[in-house]
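Written out below as structure tokens is the structure these notes cover.
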């Protein structure tokens, strides 16, 4: 038999609502999502809450627990004091639909605005070849479960409604960084597109997105800062600028390389709206010496842990390779 614990849960819809007090039984080893399910079964059958996998991999049960953006299925009740009242509210950055369910369609609109992977010219699916080190560089960003906790906590989106048209948010900056690092992606303007159409310059590197990521992706250090550095190198490095002028790269590069995305659902700046009609992304803050105030990347390697395990080193020895490489045709 468990013990009774106090909860305050937000109840309401788009027209308004308030916090309601409940006392719910809590058993050993349970998570917040278990409590919501028990609350639905006993006292509030009409309580709306998204959830799916209950394993921290679908990102559906995003909510704010005691003011912190978290996944309900990954927040254990044992982390709270026994006499503590646990307050559960919806993500406050996005419009409330009902109770703990919010309208996160903003994120899907930004996903449609992000140019997709561009297959390499002259290669068919099945012919792509990548080195393992190139896979590992972007492997960390593919761990994203699209819980949108980073989008929720980003103050550029959260506190400034006027930024939303020109700002994609941290989830789509890691997507841009992943594709920019991809050796087979045929687009060469990922950095410029992130600066011009995704609002990369708005981010002032507070790292709040990294702090709330349940997959522990180093969003700021491994994606946003490197992208900002590459934009600065390309736009403001005097040697790069001089080289572009000497070799007339500005005239030789096709104009369509910086064309906005034409995918379905594109709106705002990315759809070709004149820049004068939207708030332009601002450049990153710099110090008196002209340098950005950034932190060093703490990870020993770019990207996350190898999916093969921590005890595997690369390149693999021939006897460890279990997949087949096609042999080149021998001369007859």
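Throughout, read-outs are computed from the coordinates displayed, never taken from laboratory work. The model shown is predicted, which means the values in this text are computed figures rather than measured ones. Backbone-built Cβ (ideal geometry, glycine too); neighbour counts: all protein chains shown.
Brief remarks on what is shown
- Figure legend: label point modelled 7 angstrom from the Cα of residue 20 along Cα→Cβ; residues of segment 29-71 with amide N under 13 Å from it are 39-49.
- Residue 155-residue 13 FRET efficiency (beta carbon distance; Förster radius 30 Å; 0.05 resolution): 0.70
- Antiparallel bridges, percent of DSSP beta bridges restricted to segment 3-102 (to nearest 5): 90 percent
- Ratio Rg/Rh, restricted to segment 108-246 and using Cα atoms, in which Rh is the Kirkwood radius: 0.98
- Here the calculated FRET efficiency for residue 105 and residue 58, from their Cβ-Cβ distance with R0 = 22 Å, stands at 0.80, rounded to the nearest 0.05.
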